[in-house]
Structure formats: structure tokens, C-alpha cells
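Let me begin by presenting the structure, written as C-alpha cells, before commenting on it.
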Amino acid sequence: MKKLIVILLVLTVAFSAFAQAQKEAAASTKPTVRLLTDATGIDDKSFNAAAWRGIVDFYGETVENPASKGTLYDVITAASADMYIPNLKNAADQGYDLIIVTGFTWADALGEVAPLYPNQKFMIVDVDWLSGANIRQYIYGEEQGSYLVGVAAAMQAKADGIENPKFGFIGGVPSATITKFEVGYVMGVLSVFPNAEIVDYYANDWGKPELAKAQAKAWYDNGVYCIFSAAGGTGNGTIAQAKEYRMAGKNVWAIGVDSDQYSDGIYEGTKSSVLTSMLKLVENSTLDALQKIEAGAFEGVVVQMDMVDGGVGYSAANPELSDAAKAACEQAKADIISGKIKVYKTYKEALAAGAVPAGLSALDD
Amino acid sequence: MSSNEKTLKPRRSFIDWFLNSNGATSVAVVLLGFLVAIILVALVGKKPGNLLRSLLISMVGQKNNRGVWNFRYVGETLAYSVPFVLTGLTMAFACRVGLFNIGGEGQYVVGMTVAQAFALLVKPFPGMWIACLLLATLCGALWGGLVGVLKAKYQVSEVVATIMLNYVALYGSRLISLNLPGANTYKTGPLPSQALLQKFLIPTSNLNIAFFIMIFACVVYWFIMEKTRLGFGFRATGLNKEAARCSGINVVKNIGLAMAISGAFSGLAGACVLLGGAFTSGRVLSAQDGYGFMGIAVALVGNNTAVGTFIAGILFGILKEAQSIMQTMDIPKEITYIIQGLIVVFIALRSGLELIKQQRAKARVRKEASK
């Protein structure tokens, strides 16, 4: 027993000396930043990927070759929700100029940790209800971008001469944010086909593509023309299924979300199963926050990112997207910016205005 | 001759001691797992030193940028280890009685859900956390005991039943939590402060009194299993059910009771995670946390004993806290899962060692016979 204690003591001392040998922060004028993500990580080809892209862009590097990763910026993925607070504290203790968290699931943890570190600057996306002079919050007008892809899908169906086309929506975990996507999309579709049938489904998970794939297969078999997934990594299942069916010669489409997912849907040359993507330019907010830090102008405020601010948009990367659809999207874009078209943010409002059908699974807070 | 015997004796006794000691083989297996992981890290071109350093920081802490030693990492490690140990006890307890309780996850979810429902629905009172923990333990026991009764009375496979009940628990929890006050799609209203567990020693971390409760649970486990008549019956049932039945042990009762006690540990784990500082609001679960399943590995490494499970749980806590540290050093967090997986696989070496032991015994007998 005595021996054991001695060994343990020696080990502890050795370990301490070892652990103390910390790498020095790189001598650079550029700010340092850490991105904290949920379990899906920056490979979600969507939301987290966009935040990461903004960071990498700020340092003038590419996602393929992030040379300064580990010295100026890094990313930590939390495997489960009880790791949010410890991961935030770990980051704050290690002293970064900015700590970025993505998504509303982090709001509680950030609200808990931010007051403990008043000199540490934080940034969060999709949250506008936290208070604290050290938290910069970005909130997006997703309903406006989703309206555009709804218009694009419907116009494409019209150009293809589809009779009574049906449209699908797949969400991740239902929430007020995802409801904005669904309401905008449905309004966009209905602006072209006022009586189109809409189906929707929530996977209750951001990382289960198999659920979206099974649902997409069932819908496509049932005559659904186009499916928009706002479900993080889960939505990749929709794209995979659309790819399979398009390769087999079936005329069905998927719509990407957050990032331009055109390249994910490519199955042959320039042919992609992703008709368009609702672009939520999260990279613009991480970029903006870092620029503010560098300029010494960081303020803990809520920043609204709408279509007029360049926060949301649609992708015209797919060459098969018809000119009529593009023209209609551009028109809708102008109308939204000018205020001619008002896209609702909540299901309740949209329902009250008769802009969307009853019976969707969208939830408001 | 006599001096020769002296030099031979200690050497043989080390190997025999090693082969006979489950603790020593477990340690060897863990070291082997780390060794292979280090080689893997080196093979993919990362620095193995960083892996070790992140593990060390999660064990002893680190000097922060203000030059003060920061023990918060240790606190987080110990806080993470609480659910690992408790769910490990779940698996270990069932194993000792010859049952395979895959339902730790479900029992964990039930405990968590009941605790948050109680905390949110009942008017807060001082010491509310005690009621939350007790209720969670009780409901975890009921959830596990249900399977025990089915198994004992109707020979329903406890493996299938517990796996299925995991899903029932998860989606049932969603159903209930969505209807709690202040619930939206991913969280409920804030938990009352009276329900939260008191932090101690390292108040900046999530380390809280659940750590002592977990140690108490280990003692309870050891006491029931090793020191009571009930525990003797459990172990006898686990070793040979039919023989136990012949010796007049009530096997049916034992199986039901064992699953209930087993589930109680996981129910407690669920409440400890919820109230342990990582959450300020109740949870509307969208996926499993995985602690229940990790408990299986913890029990395997800990060889189903109280002390072993405790140590193995701490080890898993170290690995979990190290995840966020190693990612800053360009080591993928998945390496911790590889280590855990390797350890579980290498545990199978125990059977191999058993063979060696038999070989050695045979050789010895032969040698003595030929003398």
C-alpha cells in the first residue's frame, strides 16, 4: 500500500511538470478564436460548416488547408449536452479573444457561463434573448431565404409541366427557428401553386440521415416533387435519396439548407440532385464578429441578418435550375427587400393570415 | 537446492499473482488499450504526446493564463465520472446475478425525467434535491424491476426487453417533458435552485455532492453483494441458477429484485446528471446521452466489483473531459472512443489468460507427477 502511494505521488509530480509545459500562444496580431459545436461537428455540411468557413476565411485560409488551426483558431465538438458548460469554461480558461457557439441549444449554457467571465467575449448564432455586454447575438431571417427556395421549387415544377405537384419539408428538432424555414418555404410554394399539397416531417434529430432518407423515399414514391430539409446532418439523407432516384431517371429534387449543398448532390458531371439551397450565411456573422474584434469594436448586441443585410439568399449553382425559376426568385428577393412581400416568422401568424395550411407539425415557442 | 528454490519462488508467484488477480489484468488491459491508441495516433501523423498531455490535464489540471493552477479540469472529470460509475454499477449488479441489463440507458432516462418532473411540478422546498434523487432511484428500480419480473416469471429475454424499454423511456420522456411547465421543443422551464445539487471543493466546475452519493452507492453495492445473505443468494443465482434453486434459494424473487436494484443505480445517475450543474433547465431529450451504454463497458473493465467499477468510471470520466482538451491539440476526440473500445475488446484477453492458467496448472501437476 505504501509503495502504491509513493508511486502515485511520483506520477502526479511528473504529470504536473509535464502538463505545465504549455505551448505559448503564437505571437500574432490576429485575434484567436474557438468554435464550440454540438455533436454533429463542422462536418455537418450545413450550419456548423458555415460558421467554420467564416472563421477560416477571416484568416485568409481554406477549409481544405487550415494552416493556423491550433494556433489562431480551433474547434471543439461536444459529444453530449452535459458537456456544453464544461467546454465553454475550458475555452474561457484558455483565454481566446472570441468564443463562438452555434445554435440555440447552447443558449442556456452560454447564459450560465458568460457572466462568470465578464472579460471574455462570446458570440452565438440563432439566439436573441440572452443579456450580457460580452455576448454578441446574431439572428437570421430564415423565412425570407426559405420563401425563395419555395418559389424556386414551385417554378421548376411549373417549367417541368408537373400536374398537381406535391412538396415536402423535413425538419430536425422542431423549434421556433425551424418553423421559420417551414413557414417561409410553404408560403413560397403556395405563392406559385395556391392549392399545392404540402407534407412535413420532423426527425427530432440533427444527425440521423437514415430517418430523412426513409421519409424522402416514401414521399418521392408518393408523387412528391421536391423536398426541402432544414435538419442539419439529417437532411443529407434527403439529398442521398434524391440522388438515387435522379440517377434512376425519376424527376425529383432535394433542396439544401444553410450552406450551398449543390456539390453534395452531384451524381454525374454537373448534374446534381440539389435543385437549389436556402443559403443562411452564418459565415457572414462569424466573419463580422471577428472583424469587430480585430477593429476593437466588439459590442454585446443583437444583430439582425435579413435578406437586405446579406444574411440569407438562395443558390443558383445548379445549371438545371430553370431561368423562369431564377427570374421569379430574383423578383421575390426584390419584393421582400422592398417590403412588398411579407414573410411570416411564426406558424401562428402565418396561419392567422391564411398564408399556410393548417395541420403542419411546425411548433412555435 | 534451497537457495535455488528461493530465487524461483518469487518469479513464479508474480505470474501466478498476475494471472489470478483480476485487478492486475484489468490494469494491464487498460495500459494495452492506451498503448495501441498512442501507436494509432502516431500512425496518423499526430503527436501522441498531446494525447497524453490532454489526459494529464484532465487528471491534475493546468496552469491558466493568469499563472494560477486551475483544478477545474479535475472537478469536471470527477463530475463526469459520477454517471459512468453509477451506470457501471447497474451493469455490474445484473451481471453478478447472471443477467445482462442493457437497459441502463432507459433507466437513466426514467430517473432523469421523474426528477425533472418532480422539480418542476412540485412547489420548491429546502432539500428538494433529496426527494428528486430518491424518486429517480425508485423509478429507475421500478423500470428495471419490471423487466426482472418478466424475466423471472415468464422467461422474457431481459436483453430484448431492456433494449425495447430504452426506446419507450426515451420517447415517453419526450412526451412527458414536452408537457412540463415552460417546455418548448428542446428544454423545459428553469429548474428550481433547491433541486440542484450543492457544489463542493471546486465550485467553478460541475463537481457536486453527487460524487459522495456515488461513493455511497459503491459502498451499498459492495455491502449488498458481499456481506448480506441476499447478496449470497444473488451470487449463487448468477453462478448457477439451477443449483441455487436446488439449494433452496428463491431464484425468481432474486432475479426480479436484482434487476430492480440494478435499475436503481441508473435512475440515480439520470437525476445526478440533470441536477449536477450541467443544466439550468429540464431537458426535452432528442437523443440518448449514452451513459447507460457506456456503463456496460465500465462494468466490464471494472470486473463487476464495486472498487473496480469506481476506478473504471473515473477512467471514463478522464477520457470524457480529455475530449475537449485534446481537440485543441489537434487530436480527434474519437480517439477516446477507440481507447474505450480497445479496452473492452482486450478485456476478452481474460479468457486467454484463463487458458494460460490452466496450462500452467497442468504443467505443474505433470511435473510433480513425474518427480
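The values are calculated or read from the model by the stated rules, or taken from the named source; none is laboratory data. All values derive from a computational prediction rather than experimental measurement. Every residue, glycine as well, gets a Cβ built from its backbone with ideal geometry; the counts of neighbours run over all protein chains shown.
Taking segment B:266-291, which residues are within 11 Å of another protein chain (Cβ to nearest Cβ), hydroxyl-bearing (Ser, Thr, Tyr) and assigned to a helix (DSSP H, G or I)?
Of everything in segment B:266-291, just one residue is within 11 Å of another protein chain (Cβ to nearest Cβ), hydroxyl-bearing (Ser, Thr, Tyr) and assigned to a helix (DSSP H, G or I), namely B:Tyr291.
Pick from B:Leu268, B:Leu239: which is aliphatic (A, V, I, L, M), buried (at least 24 other Cβ atoms within 10 Å of the Cβ) and either at pLDDT 95 or above or over 20 Å from B:Leu138 (Cα atoms) (or both)?
Numbers: B:Leu239 fails: buried (at least 24 other Cβ atoms within 10 Å of the Cβ).
Result: B:Leu268 is the single residue among B:Leu268, B:Leu239 that is aliphatic (A, V, I, L, M), buried (at least 24 other Cβ atoms within 10 Å of the Cβ) and either at pLDDT 95 or above or over 20 Å from B:Leu138 (Cα atoms) (or both).
Restricting attention to segment B:226-236, does a residue exist that is within 14 Å of chain A (Cβ to nearest Cβ), part of a helix (DSSP H, G or I) and either under 23 Å from B:Ala287 (Cβ atoms) or under 21 Å from the mean Cα position of the chain (by Cα) (or both)? Can you show your working first?
Narrowing segment B:226-236 to residues within 14 Å of chain A (Cβ to nearest Cβ): none.
For segment B:226-236, residues within 14 Å of chain A (Cβ to nearest Cβ), part of a helix (DSSP H, G or I) and either under 23 Å from B:Ala287 (Cβ atoms) or under 21 Å from the mean Cα position of the chain (by Cα) (or both): absent.
Do the conditions hold for A:Gly249, that is, is it outside any strand (DSSP E or B), at pLDDT below 95 and in contact with a Phe, Trp or Tyr (Cβ under 9 Å, 6 or more places away or on another chain)? Show your work before the answer.
On the way: outside any strand (DSSP E or B): yes; at pLDDT below 95: yes; in contact with a Phe, Trp or Tyr (Cβ under 9 Å, 6 or more places away or on another chain): no.
Considered against the rule, which asks whether it is outside any strand (DSSP E or B), at pLDDT below 95 and in contact with a Phe, Trp or Tyr (Cβ under 9 Å, 6 or more places away or on another chain), A:Gly249 comes out as no.
Of everything in segment B:175-195, what is crowded, with 19+ Cβ neighbours inside 10 Å and closer than 19 Å to B:Cys139 by Cα? Give them in sequence order.
Once the filter is applied, which keeps residues that are crowded, with 19+ Cβ neighbours inside 10 Å and closer than 19 Å to B:Cys139 by Cα, segment B:175-195 yields B:Ser177, B:Leu180, B:Ala195.
Restricting to helices (runs of 4 or more DSSP H) lying wholly in segment A:42-145: which have 1 or more residues that are within 18 Å of B:Met326 (Cα to Cα)?
Qualifying helices (runs of 4 or more DSSP H): A:84-93.
So which residues in segment A:53-77 are among the acidic types (Asp, Glu) and in contact (Cβ under 8 Å) with a residue 40 or more places away in the chain? Spell out how you get there, then give the answer.
Let us first name the residues in segment A:53-77 that are among the acidic types (Asp, Glu), namely A:57, A:61, A:64, A:74.
If the condition is that a residue be among the acidic types (Asp, Glu) and in contact (Cβ under 8 Å) with a residue 40 or more places away in the chain, then A:Asp57, A:Asp74 are the ones that fit.
Starting from segment A:298-325, take each residue that is farther than 18 Å from A:Glu283 by Cβ and list its partners that are at pLDDT 90 or above and of a type in the set (Phe, Trp, Tyr), counting only C-beta distances under 6 angstrom and pairs at least six apart or across chains.
Partner pairs satisfying both residue conditions: A:Asn318/A:Tyr262.
Evaluate segment A:255-274: report whether one residue or more is within 14 Å of another protein chain (Cβ to nearest Cβ) and either of a type in the set (Asp, Glu) or outside any helix (DSSP H, G or I) (or both).
Initially, segment A:255-274 is screened for residues within 14 Å of another protein chain (Cβ to nearest Cβ), giving none.
Looking through segment A:255-274, none of the residues is within 14 Å of another protein chain (Cβ to nearest Cβ) and either of a type in the set (Asp, Glu) or outside any helix (DSSP H, G or I) (or both).
Name the pairs whose Cβ atoms lie under 7 Å apart, with the first residue in segment A:168-185 and acidic (Asp, Glu), the second at pLDDT below 90 and surrounded by fewer than 24 Cβ atoms within 10 Å (Cβ to Cβ), and 6 or more positions between them or separate chains?
Hits for this filter: A:Glu182/A:Leu360.
Tell me whether segment A:153-166 contains one or more residues that are within 23 Å of the chain's Cα centre (by Cα), surrounded by fewer than 22 Cβ atoms within 10 Å (Cβ to Cβ) and farther than 19 Å from B:Met329 by Cβ.
no
Give me a count of the residues in segment A:24-35 that are farther than 22 Å from A:Gly103 by Cα and within 14 Å of chain B (Cβ to nearest Cβ).
As a first pass, look at segment A:24-35 and keep what is farther than 22 Å from A:Gly103 by Cα: A:24-31.
From what is left, the residues that are within 14 Å of chain B (Cβ to nearest Cβ) are A:24-26.
Matching residues across segment A:24-35 total 3.
Per-residue answers, yes or no, for (1) within 30 Å of A:Gly172 (Cβ to Cβ); (2) surrounded by fewer than 24 Cβ atoms within 10 Å (Cβ to Cβ); (3) of a type in the set (S, T, N, Q):
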| position | (1), (2), (3) |
| --- | --- |
| B:Tyr291 | yes, no, no |
| B:Ala297 | yes, yes, no |
| B:Gly302 | no, no, no |
| B:Thr309 | no, no, yes |
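Under 7 Å between Cβ atoms, which residue pairs at least 6 apart in sequence (or on different chains) link something in segment A:210-237 that is under 11 Å from A:Gly171 (Cα atoms) with a partner that is surrounded by fewer than 23 Cβ atoms within 10 Å (Cβ to Cβ) and basic (Lys, Arg)?
That search, which allows pairs on different chains as well, returns A:Thr234/A:Lys208.
Taking segment B:143-167 as the region of interest, how many residues are surrounded by fewer than 16 Cβ atoms within 10 Å (Cβ to Cβ) and more than 19 Å from the chain's Cα centre (by Cα)? It would help to see each step written out before you state the result.
Our first condition is that a residue be surrounded by fewer than 16 Cβ atoms within 10 Å (Cβ to Cβ); within segment B:143-167, this holds for B:153-157, B:159-160, B:163-164, B:167.
From the residues that got through so far, the ones that are more than 19 Å from the chain's Cα centre (by Cα) too are B:153-157, B:160, B:164, B:167.
The total comes to 8.
Given the residues A:Asp108, A:Asp128, A:Asp93, A:Asp82, which is the only one that is within 14 Å of chain B (Cβ to nearest Cβ) and under 28 Å from A:Leu279 (Cα atoms)? Break it down into steps so the answer makes sense when it comes.
Numbers: A:Asp128 fails: within 14 Å of chain B (Cβ to nearest Cβ); A:Asp93 fails: under 28 Å from A:Leu279 (Cα atoms); A:Asp82 fails: under 28 Å from A:Leu279 (Cα atoms).
Of the residues listed, the single one that is within 14 Å of chain B (Cβ to nearest Cβ) and under 28 Å from A:Leu279 (Cα atoms) is A:Asp108.
Report, by residue number, each residue of segment A:36-79 that is surrounded by fewer than 19 Cβ atoms within 10 Å (Cβ to Cβ), of a type in the set (Ser, Thr, Tyr) and within 14 Å of chain B (Cβ to nearest Cβ).
Matches in segment A:36-79: A:Ser68, A:Thr71.
A:Leu130 is checked against (1) under 27 Å from A:Tyr314 (Cα atoms); (2) surrounded by fewer than 23 Cβ atoms within 10 Å (Cβ to Cβ); (3) aliphatic (A, V, I, L, M) and fails just one. What number does that condition carry?
(1)
Does segment B:292-315 contain at least one residue that is within 11 Å of chain A (Cβ to nearest Cβ) and either in contact (Cβ under 8 Å) with a residue 24 or more places away in the chain or at negative phi (or both)? Lay out the reasoning, then the answer.
To start, the set of residues in segment B:292-315 that are within 11 Å of chain A (Cβ to nearest Cβ) comprises B:294.
Now drop any that are not either in contact (Cβ under 8 Å) with a residue 24 or more places away in the chain or at negative phi (or both), which leaves B:294.
Within segment B:292-315, one or more residues are within 11 Å of chain A (Cβ to nearest Cβ) and either in contact (Cβ under 8 Å) with a residue 24 or more places away in the chain or at negative phi (or both).
Of all residues in segment B:324-371 being of a type outside the set (A, V, I, L, M, F, W, C) and outside any helix (DSSP H, G or I), which is surrounded by the fewest Cβ atoms within 10 Å (Cβ to Cβ)? Outline the logic, then answer.
Of the residues in segment B:324-371, the ones of a type outside the set (A, V, I, L, M, F, W, C) are B:324, B:327-328, B:330, B:332-334, B:336-337, B:340-341, B:350-352, B:354, B:357-360, B:362, B:364, B:366-368, B:370-371.
Still in the list and also outside any helix (DSSP H, G or I): B:330, B:332-333, B:371.
On the way: B:Asp330: 13, B:Pro332: 16, B:Lys333: 20, B:Lys371: 5.
Top of the filtered list is B:Lys371.
Out of the residues in segment B:63-99 meeting the condition of being free of Cβ contacts under 8 Å to residues at least 60 places away in the same chain and not β-branched (Val, Ile, Thr), tell me which one is surrounded by the fewest Cβ atoms within 10 Å (Cβ to Cβ).
In the first step, residues of segment B:63-99 are kept if they are free of Cβ contacts under 8 Å to residues at least 60 places away in the same chain; the result is B:63-70.
Then drop every residue that is not not β-branched (Val, Ile, Thr), which leaves B:63-67, B:69-70.
Working: B:Lys63: 15, B:Asn64: 15, B:Asn65: 11, B:Arg66: 8, B:Gly67: 6, B:Trp69: 12, B:Asn70: 21.
Result: B:Gly67.
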